[in-house]
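Values in this text are rule-based calculations from the coordinates and carry no lab data. In this text, all values refer to a predicted model and were calculated from it rather than measured experimentally. Every residue, glycine as well, gets a Cβ built from its backbone with ideal geometry; the counts of neighbours run over all protein chains shown.
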Amino acid sequence: MLRVAFLIPLLPLAGFVILLLSGRKLGNPLAGWLATIMVAASFVVTVVVFAGLFRLPAGGRSYTQNWFTWISAGHLHVNMGLLVDPLSMTMAAFVTGVSALIHLYSIGYMEHDEDFPKFFLYLNLFVAAMLLLVLANNFLLLFLGWEGVGVCSYFLIGFWFERDTASSAAKKAMIFNRIGDAAFLVALFLIYERTGSLDYHTVFSHLGSVGEPSLVAMGVLLFAGAVGKSAQIPLYPWLADAMEGPTPVSALIHAATMVTAGVYLMCRINPILYRAPDAAHVIAIIGAVTALLGATIACAQNDIKKILAYSTISQLGYMFLAAGIGAYDAAIFLMLTHAFYKALLFLGAGSVIHAMNDDQDVKTMGALARLMPITAVTFFIGWLSIGGLPVFSGFWSKGDVLLNGYGFSPALWVVGALTAVLTAYYLGRAYLLVFRGQQRWVEARKPGDRAGLKPHDPSWVMSVPLIVLGALSAVGGLINLPIHPDLDFLDRWLSPVFASRLFQHHWGLGGVWTFALIDAALALLGVALAVALWGHASERPAFEPVVLQRAWYIDWAYDRFIARPSTEVAIETSSVVEAKGIDGAVNGFAWLVRSTARHLRKVQTGYVRNYALGLAGGLVLVLAYVLTRAS
Amino acid sequence: MTSTFPYLTTLILLPAGAAVVIALIPSAQRRLVQVVGFVASLAVLGIASAATVAFTSGYGGYQFVSSHQWISVFGISWSLGMDGISLFLVLMTGLLFPIALAASGERAADKSFVAWILVLEAGCLGGFLALDLLLFFVFFELTLVPVYFVIAGWGHERRGYAAGKFFLYTLGASAFLFVGILALVAIHASQTGVTTFDVRALTDTHLSGTAGVLLFLGFTAAFAVKMPLFPFHTWSPDAYREAPAAGSLLLAGVMAKLGAYGIIRFDLALFPRAVVTLAPLLLSLGAIGIIYGAIVAAVERDLKRLVAYSSLAHLGFIVIGAFAISREALTGAVLQMVNHGLYTAALFILIALLYKRLGTFSVKEMRGLQRRMPVLAGVFTLVMLASIGVPGLNGFVGEFLILAGTFLTHRWWAVVATAGVVLAAVYLLWAYQQAFQGKPTIEAGAVHDLSWREGLTLAPLVILIVLLGIFPGPLLNRIGPSVTQVVTHVEVVAHQRPPQVGSPGVALRTTGAQR
């Protein structure tokens, strides 16, 4: 059963190729259905392989499939091949599952777009690249997937390329990612130099002979790559701009899957991080600070997608916090549940945006719950899940992170707990402003009324994903319950990958329950704050300070201190150094020759073809001279 | 190797002969000129392909060697040979010339245009195949004349200035090469009593430190200008800009490689100790070229000049790969010469197609083209991503090998060069945004998308760009043994220890044939 693993990335890739060749002919909606079926089929194959892996004894759950040699030069040898293990299959399962749902949703969401087939072409390519990323058996193939998802993200953020904001956002995302990628590349060079390989297995089995400074450098450089891809401090500003892409893209790429690639990478390199605790600490601290920073900004945004974007940055911070302290299974647990509820929230937001005729400002919404019950209920579940209300999935996964965070360092817990309150608060604000309170939009009085709106729940292709994700968000915690040692399925499933390198603080059942109560209290506090402040009001300037609305002015600082000065440097280089300096010297030399040669005017015809003839003649003369001398 | 067919001599004489034939056709017979020119260039491609098939992989030395005394008193001979380093440059040359003709439209029926292009092909192939230094020099110089006439005759507005600048600049630099060749031969003759221009014999010349450095500088001056290498590049934006599409394509795709090839074939073989001594200088110039080219390209509005500066950056990578003296880096450099030829050719063709439709090279006058020409925009995107070095496409493989190999021997240069990875994204994405995104300014239907004929011209390049990104193996297997020979030679002569990869006991180094 494991042999069919190659089909997992191949099916969406085949979908891409088919759409490339005949997407226009298939048209709307066939192209969308084809893409959806390809991803769904990939999900089915994933389940089959997953089951095959599950049937093996826990110690033997690792299967490598090499296709062919990709690059071989000098001592470097890199294969195209897959690694099937509990970590990669967990990733593949949720990536294909969530992707299939979002593909289905997109058939409805994009139905009026003139580039409908192209959208699904990019989407399928994205899924293929993402699957290569998680299934690769070596760092370089992972990097191929890594760059592949980055390129697809570029295409999809700029999907509505006629909007300047969209094309600029796409470019910005690519460039921020590339900064991280440069660090990633240097890490690969270092790994190759020190271990002679880029294959996971070979690299990890030779770490013992690598010095700690090198290991720290590898860890930090790979983390720098992750910082770009997963939008952490300082490379996060692109993610808010990335919301220019169609909403299903935000749900799939910029919430559920691609941005979690950095977390996956950190979990994958756990043998390196285990030997480089300094690097791991950097990851945990950056993660914690990003979690808090993202949450504060999300409290003051008015664009519903920006709220969710900063929320994603914040949640990813939690995951890095967990990975940095070595609680990899907590990071993966949070990643899974986050994929469910954040995809749900984004799709819900998309449904609202549709209903509002592409308006995204929560301040102009309100009282939509009665008109869009499915959207409202599922969004409500999403809020409670991300907020960490008991029994919802986020309660368990975030609790897992906080629990281990406290065990590692109470300071990390304090930051995480504060973030937890803010999380329950800012999404409560969003929910209440959108679905409750006063109606702040104009209703269409009669058919064809252009100024008015007639909000309603979306068609079934869009509702089904909402409902499925809503259910998963509600009960997703079941895969890993800490309350009984037999119920932590995910931890046990992943344990062969992390082995003894896993950080797990053992509190005993009493400790677990204590923390569960504290978490519940934090979540309720956030919910209570949201209801008290936003239950009946839509404007509270004191709680939306400009500094937070402007995201701590960090984007502004990037522009002011990096983008603009470097543009000026480039302009100066081009117009002064290049034109006047280097080329000036060349032309100056030519001028010097010309003016000293004024005496030789008679031969100075000015036609280079005469010089060419002169060259040929000269060559003949030299040859003749040499010949006569020799004979 | 056992084959008796004179592949290499045919490769040079066929286009040269075809040029003569075309010169004899009356210029009114335009279709005949076009057909003969195109068929001749296809025939060259066929022979180059046959040679590739007949080429023995796994062997690092010269194959198909053909040696005929030419001017025996001076030991000058018609000496040709092909190894893994020249093999794919020859094949790429064979591919790019018919494509250049196909992309030239009506000009491919101009008698003198086609004749000059074929002369250029003979010159380029001769340069890649010559084992005799004087023969190499003759071919190296021979290429100037057709390019001069192609730019001056069929170029854009400032063609006269650009052609003259190109000609004089490269000619001036070649003088150093000529003097260097004569001096090297003289030193060799005084040591052995044998006058020969054969590079294989000259490899054994014993050079003092100073002599080696001076000769190295003389040779490298010519190669550096030809590539071009920073800061000897300023002829190239003008020449690339003013040349017709075929000219820019061949200048950047093929002729630039003559310079890089010269460095690998002659500098590394003849002056290993000087190479090691001066490597930091050359690596620095390469790294500066990468950063500098990208910075200037970032504010360049003219697409052709932008590609010229981007080429400066890309050739910087190749120079770094050549001077890093590691197997990975040199393999990457050779591969990257081919890769750069492919995507740069495609870029110049696409730019020419835009010019044909819009009459401008300036991105300021382009807007929203993706809406009007989706297929052309798609191809442009793919080629752009290859040029940026996105893995899965051909540019990445070479770039990665260069950087990984350089990291082993010259770590910090590799780190600086890696920054070029970021910058390449900046200028190309910016240009793409300007030209292809935004609200279209031209009416629907005012321009047509890629035609079948244009698509067919681009298809081989596009296919190879994808294929070589995923299956570079067939190339790497043939380049590898020759690269190992060259690098081992430098290491042995210059007493360099091969870079250590992996911890002791982990790495089982597999070195090929030792010289």
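For chain A, excluding the exposed loop sites themselves (GluC sites (Glu not before Pro), DSSP loop, at most 13 other Cβ atoms within 10 Å), the longest remaining stretch covers A:115-538.
Per DSSP H run of at least 4 residues, take -39500 (n - 2.57); add these up for chain A, divide by its residues and hand me the 222 nm value, nearest 500 deg cm²/dmol.
Result for chain A, helices only: -22500 deg cm²/dmol.
The convex hull drawn around the Cα atoms of the protein assembly as shown, when projected onto a plane and averaged over every direction, covers 46.6 nm². Pairwise inverse Cα distances across the stretch B:7-514, averaged and inverted, put the Kirkwood hydrodynamic radius at 22.8 Å. Each residue in A:I374, B:I288 was given a count of other beta-carbon atoms within 10 angstrom of its own, and listing them fewest first yields B:I288, A:I374.
In this simple spin-label approximation, A:V391 and A:S409 carry label points 7 Å from Cα along the Cα→Cβ vector, and these lie 3.7 nm apart.
How much length is gained on full extension from A:D361 to A:F589, taking 0.36 nm per residue of separation minus their Cα-Cα distance?
On the way: separation 228, 0.36 × 228 = 82.08 nm, distance 6.26 nm.
Residue separation times 0.36 nm, minus the Cα-Cα distance, leaves 75.8 nm.
Cα centroids of the stretch A:309-330 and the stretch B:87-103: 52 Å apart.
When A:V497, A:V577, A:V95 are sorted by how many other C-beta atoms sit within 10 angstrom of their C-beta, beginning with the fewest, the order is A:V577, A:V497, A:V95.
Note on B:I463 and A:A444: with the Förster distance fixed at 60 Å, the Cβ-Cβ geometry gives a FRET efficiency of about 0.70. Put in line by how crowded their Cβ is, counting other Cβ atoms within 10 Å and starting with the fewest, A:T567, B:T344, A:T90 read A:T567, A:T90, B:T344. Taking a straight Cα-Cα cut-off under 22 Å and skipping sequence neighbours fewer than 8 places away in the same chain, the lysines within cross-link reach of A:K342 are A:K229, A:K305, A:K306, A:K363, A:K398. Across the stretch B:266-275, computed HN-Hα scalar couplings (Karplus, 6.51 cos²θ - 1.76 cosθ + 1.60, θ = phi - 60°) run 9, 4, 5, 6, 8, 10, x, 5, 5, 4 Hz from first to last residue, x flagging Gly and Pro. Its DSSP H runs of at least 4 residues, each contributing -39,500 (n - 2.57), put the calculated 222 nm mean residue ellipticity of chain B at -23500 deg cm²/dmol, to the nearest 500.
Shown is the FRET efficiency for A:E539 and A:R560, computed with R0 = 22 Å from the Cβ-Cβ distance and rounded to the nearest 0.05: 0.15. For chain A, the relative contact order is 12 percent, taking Cα pairs closer than 8 Å that sit 6 or more residues apart in sequence and dividing their mean separation by the residue count. Which longest uninterrupted range of chain B lacks any GluC sites (Glu not before Pro) assigned by DSSP to a loop state (not H, G, I, E or B) and surrounded by at most 10 other Cβ atoms within 10 Å? Longest gap between qualifying sites, sites excluded: B:158-442. Between 0 and 90 degrees, the angle of helix B:394-409 with respect to the longest Cα principal axis of chain B falls at about 30 degrees. Which shape class applies to the stretch A:90-176: rounded if a/c is under 1.5, otherwise prolate when a/b exceeds b/c and oblate if not, where a ≥ b ≥ c are the square roots of the Cα gyration tensor eigenvalues? Because a/c hits 1.5 or more and a/b fails to exceed b/c, the stretch A:90-176 counts as oblate.
Under 14 Å from a point 7 Å along the Cα-to-Cβ line of B:Q500: which residues of the stretch A:185-222 have their amide N that close? Of the residues in the stretch A:185-222, A:193-196, A:209-212, A:214 have backbone N under 14 Å from the label point off B:Q500.
Is chain A rounded, prolate or oblate when judged by the Cα gyration tensor, a ≥ b ≥ c being the square roots of its eigenvalues, rounded requiring a/c under 1.5 and prolate requiring a/b larger than b/c? Since a/c reaches 1.5 and a/b is larger than b/c, the shape of chain A is classed as prolate. Sequence-distant contacts, meaning Cα pairs under 8 Å at least 6 residues apart, place the relative contact order of chain B at 15 percent. The angle between the Cα long axis of helix A:373-387 and the longest principal axis of the Cα atoms of chain A comes to about 80 degrees, rounded to the nearest 10. Bridge orientation summary for the stretch B:7-514: considering DSSP beta bridges with both residues in this region, about 90 percent are antiparallel.
Can you tell me the orientation of helix A:277-298 relative to chain A, as the angle in degrees between its alpha-carbon axis and the longest Cα principal axis, to the nearest 10? With both axes taken from Cα atoms, the answer is about 70 degrees.
In loop segments of the stretch A:302-411 as defined by DSSP, the trypsin sites (Lys or Arg not before Pro) with at most 15 further C-beta atoms inside 10 Å of their C-beta are A:R370.
Taking R0 as 22 Å, what FRET efficiency do you get between B:L456 and B:Q29 from their Cβ-Cβ distance, rounded to the nearest 0.05?
With R0 = 22 Å, the Cβ-Cβ based efficiency is 0.35.
The count of lysine pairs in chain B with alpha-carbon distances below 15 Å, taking only pairs 8 or more places apart or on different chains, stands at 5. Per residue, the average separation of C-alpha pairs within less than 8 Å and at least 6 apart gives the stretch A:99-188 a relative contact order of 19 percent. Note on A:T514 and A:I571: the model spin-label points, each 7 Å out from Cα along the C-beta direction, lie 6.2 nm apart. The stretch B:236-282 has equivalent-ellipsoid semi-axes of 30, 12, 5 Å, by the square roots of 5 times the alpha carbon gyration tensor eigenvalues, sorted largest first. Percent of alpha carbon pairs in the stretch A:344-417 separated by more than 19 Å? Summing the P(r) of the stretch A:344-417 above 19 Å gives 49 percent of all pairs.
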